[in-house]
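FYI, it's all coordinate maths here, none of it is from the lab. Being a predicted model, the structure only gives us computed values, none of them experimental. A quick note on method: Cβ atoms are made from the backbone with ideal geometry, for glycine too, and the neighbour counts reach across all protein chains shown.
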Amino acid sequence: MRILIVGLGSIGERHLRNIISLGYKDIIVVTSRGFKKKNYKNVKFFKKLDQALSLRPKVAFICNITSKHVVTAIKCAKNDCNLFIEKPLSHNLKNVNLLLSIVKKKKLYCYVGYMMRFHPFIIKIKNIIDKKSLGELLYFKSHWGELVSDWHPKENYKRSYSTNLSMGGGPLLTLSHDIDLALYFMNSKIKKVTNLISKISNLKINSPDTFDLLIKFTDLSVANVHVNYFEKPHKRSINMIFQKGKIFFNYYKNSLEIFDKQKKKLFILKKFSRNRMFLDEIKFYFDSLKKNIRNNNIHESIKIIKIATNK
């Protein structure tokens, strides 16, 4: 299976390392960055996408800047590549329907990478929801705040795609994992979305720095999502209220608290590797591809774009 990776920023290189670690050897990369190719002796590097596509890869990992995801994916799909698109799918809906039509016509597998779904505690929470162990989920509230300048200390955060709207940046999509989880957990259709996008810090970036979202569902349940680029020390948590109990997930403390009939159960991940989620995500993708199971989540990712951009 020849695998193409387009874009070799931090996430592109992470996927490259993980794909190699899983035993895949026929890998080609498109990147405009100066790169130490000697670290990957058996990988072929190209500067132009057309050069790479001429080698007929079967799978394309789209890891370039968000604003180029869909255009790149369309070109790869036209060349019969199954797609793994790093989140978010895009920063707007332009050409998304064209991508959908090509994927459908050619019967391709198109998966958008939201790796938080593969966190052990997220899997456990989803299992509780599906089994209705605590009854129906009534309320979901997440909070995720980090100081964006801490992400890549050696780089100028003001030039990063994550802080520039023209590149598809901003917290509403860059940190859209919790929107994905809200839709993943809430088993109901969306009735109304209210969002507040603000710029309230002194970061001096070319995008908003905070985003608050309220989603009302047809079953009367509610999801509240908050993300920001200026919080230190960082904080990331999810609080859920059910008919018969509560769940509190603290990402940075690797803890999960489950309250059932006034009883509290505490779970701690003592040895948790963040990269495990990315590895399991890629394994899931390739397993589905080999078994010809099209676990396409592109329609869910389109909902995220509509919510985040208020469309």
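Here's how it looks for LYS199: its modeled amide H is under 5 Å from those of ASP209, which are all 5 or more places away or on a different chain.
Distant-in-sequence amide contacts of LEU147, defined by a placed amide H-H separation under 5 Å and a gap of 5 or more residues or a different chain, comprise GLU231.
With a ≥ b ≥ c taken as the square roots of the eigenvalues of the C-alpha gyration tensor of the range 84-221, please select rounded if a/c is under 1.5 and otherwise prolate if a/b is larger than b/c or oblate if it is not?
Details: a/c = 1.73, a/b = 1.26, b/c = 1.37.
It comes out oblate by the Cα gyration axes.
Distant-in-sequence amide contacts of PHE45, defined by a placed amide H-H separation under 5 Å and a gap of 5 or more residues or a different chain, comprise VAL29. Per residue, the convex hull around the alpha carbon atoms of the chain comes to 142 Å³.
Counting Lys and Arg as +1 and Asp and Glu as -1, what is the net charge of the other residues whose Cβ lies under 13 Å from the Cβ of ILE215?
Numbers: positive: LYS141, LYS189, LYS191, LYS192, LYS216, LYS303, LYS306; negative: ASP178, ASP180, ASP212, ASP219.
Taking every other residue near ILE215 into account, the sum is +3.
Per-residue 3J(HN,Hα) values for the range 306-311, derived from phi via the Karplus relation 6.51 cos²θ - 1.76 cosθ + 1.60 with θ = phi - 60°, read 4, 5, 5, 9, 6, 9 Hz in sequence order (x marks Gly and Pro).
Quick check: from the Cα gyration tensor, does the range 225-311 come out rounded (a/c under 1.5), prolate or oblate? Prolate is the answer for the range 225-311, as a/c is 1.5 or above and a/b outweighs b/c.
What the phi angles of the range 241-255 give under the Karplus curve with 6.51, -1.76 and 1.60, with θ = phi - 60°, is a coupling list of 10, 10, 4, 10, x, 9, 9, 10, 10, 10, 5, 6, 8, 6, 10 Hz, glycine and proline written as x.
All C-alpha to C-alpha distances of the range 1-109, sorted into 10 Å bins beginning at zero, yield P(r) values of 15, 51, 30, 5 percent in whole numbers.
Under the simplified labelling scheme, the LYS204-ILE268 pair shows an inter-label distance of 4.3 nm, with each label point 7 Å from Cα along Cα→Cβ. Could you work out [θ]222 nm for the chain from helices alone, using -39500 (n - 2.57) per DSSP H run of at least four and dividing by all its residues? Round to the nearest 500 deg cm²/dmol. Calculated mean residue ellipticity at 222 nm is -8500 deg cm²/dmol.
Tell me the net charge near VAL112. Cut-off is 10 Å between Cβ atoms, VAL112 excluded, with +1 for each Lys or Arg and -1 for each Asp or Glu. Display every interim value, and only then the final one.
Numbers: positive: LYS87; negative: GLU86, ASP180, GLU300.
With Lys, Arg at +1 and Asp, Glu at -1, the neighbours total -2.
Across the range 197-202, rounded Karplus estimates of 3J(HN,Hα) from the backbone phi angles (6.51 cos²θ - 1.76 cosθ + 1.60, θ = phi - 60°) give 10, 9, 10, 10, 9, 9 Hz, Gly and Pro being marked x.
Filter the cross-link list LYS265/LYS291; LYS68/LYS104; LYS75/LYS235; LYS68/LYS105; LYS216/LYS264 down to pairs whose alpha-carbon distance in this structure exceeds 32 Å. Let's see the in-between values first.
Numbers: LYS265/LYS291 37 Å; LYS68/LYS104 21 Å; LYS75/LYS235 38 Å; LYS68/LYS105 22 Å; LYS216/LYS264 29 Å.
Violating the 32 Å Cα-Cα cut-off are LYS265/LYS291; LYS75/LYS235.
Remark: spin-label model distance LYS106-SER10 equals 3.1 nm, labels positioned 7 Å along the Cα→Cβ axis.
Within the chain, the cysteines lacking any other cysteine Cβ closer than 4.7 Å to their own Cβ are CYS63, CYS110.
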